[in-house]
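Chemist: I'd like to ask some things about the structure below.
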Amino acid sequence: HRGLRGVKLIISDAHEGLKAAASKVLGSTWQRCRVHFMRNALALVPKKQQPAVATMIRTAFAQETAAEAHEQWRRVADQLREKLPKLAALMDEAEHDVLAYRDFHPDHKNQIHSTNPLERLNGEVKRRTRTVGIFPNEAAIYRLVGALLLEQNDEWQISRRYMSAESLQANCNADDGEALYLPAA
């Protein structure tokens with residue numbers, strides 16, 4: 001209702017409300033954060049086996065194509081099914097959600113497989129606001145957080161381009177009726 005449109009992908013943990021909103025309200029694909037998934041998965045594994053199981057699961061992420069990634073994912077789940085049935089069931093349930101990013105431009109896979117960039121930004125905002133401690137008024141909070149967000153935007157747009165305009169354009173469909181807006185660098 002506030003003008004958000006053209007959303008192609010939502011990346012989050014497995015919060016049911018976020019999943020429902022991604023499909024019903026925004027009509028977009030939902031990607032389960034790989035990092036959150038690995039935490040959930042490894043919580044089902046005995047401590048001594050966690051490094052080996054994590055390595056097995058990561059083999060699916062290392063595949064070249066989406067089809068190979070899905071095939072490897074199912075192979076790993078089947079290998080774990082006898083000794084770790086809860087983990088195998090979680091993998092069966094989460095396969096398409098965790099590997100959703102593979103349907104997007106291959107140049108973006110490192111940027112969209114998790115929420116880590118956003119979590120890093122939130123951590124920086126938290127660190128800077130804790131340093132200040134007590135703000136004189138609400139406007140001071142907005143100035144500090146706004147400056148941090150503008151600084152991060154500039155870094156992603158100019159000095160360390162987060163995604164190229166050409167690869168972003170490849171994910172926009174002409175029948176969306178939406179033009180891709182990219183600020184001039």
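Each reported figure results from applying straightforward, stated rules to the coordinates on display, with no laboratory input. Since we're looking at a predicted model, the values are computed, not measured. Note: ideal-geometry Cβ built from the backbone for every residue, glycine included; neighbour counts use all protein chains shown.
Chemist: Which of the numbered conditions does Lys8 fail, given that it passes all the others? Conditions: (1) surrounded by 18 or more Cβ atoms within 10 Å (Cβ to Cβ); (2) over 22 Å from Asp92 (Cα atoms).
Modeler: (1)
Chemist: For the subset of the range 21-47 comprising residues that are over 11 Å from the mean Cα position of the chain (by Cα), in a helix (DSSP H, G or I) and among the aliphatic types (A, V, I, L, M), which member is farthest from Leu9 (Cα to Cα)?
Modeler: Leu42
Chemist: Listed residues Leu9, Leu42, Leu4, Leu18; which is of a type in the set (A, V, I, L, M, F, W, C) and within 18 Å of Gln111 (Cα to Cα)?
Modeler: On the way: Leu42 fails: within 18 Å of Gln111 (Cα to Cα); Leu4 fails: within 18 Å of Gln111 (Cα to Cα); Leu18 fails: within 18 Å of Gln111 (Cα to Cα).
Checking each option against the conditions leaves just Leu9.
Chemist: Still on this structure: I'm trying to understand the selection: among the residues of the range 15-43, which are crowded, with 17+ Cβ neighbours inside 10 Å, of a type in the set (A, V, I, L, M) and touching a Lys or Arg at 6+ places or on another chain (Cβ under 9 Å)?
Modeler: Scanning the range 15-43 gives a single hit, Met38.
Chemist: Working only within the range 1-37, note down all residues that are of a type in the set (Val, Ile, Thr) and in contact (Cβ under 8 Å) with a residue 60 or more places away in the chain. Lay out the reasoning, then the answer.
Modeler: Step one: of the range 1-37, the residues of a type in the set (Val, Ile, Thr) are 7, 10-11, 25, 29, 35.
Answer for the range 1-37, where residues must be of a type in the set (Val, Ile, Thr) and in contact (Cβ under 8 Å) with a residue 60 or more places away in the chain: Ile11, Thr29, Val35.
Chemist: Which residue out of Lys19, Lys47 is among the basic types (Lys, Arg) and touching a strand residue (DSSP E or B) at 6+ places or on another chain (Cβ under 7 Å)?
Modeler: On the way: Lys47 fails: touching a strand residue (DSSP E or B) at 6+ places or on another chain (Cβ under 7 Å).
Answer to the selection: Lys19.
Chemist: Determine, yes or no, whether Arg58 is charged (D, E, K, R), under 19 Å from Gln111 (Cα atoms), out of contact with any Pro (no Cβ under 9 Å at 6 or more places or on another chain) and crowded, with 17+ Cβ neighbours inside 10 Å. Full working, then the answer.
Modeler: Details: charged (D, E, K, R): yes; under 19 Å from Gln111 (Cα atoms): yes; out of contact with any Pro (no Cβ under 9 Å at 6 or more places or on another chain): yes; crowded, with 17+ Cβ neighbours inside 10 Å: no.
When the stated conditions are applied, Arg58 does not pass them.
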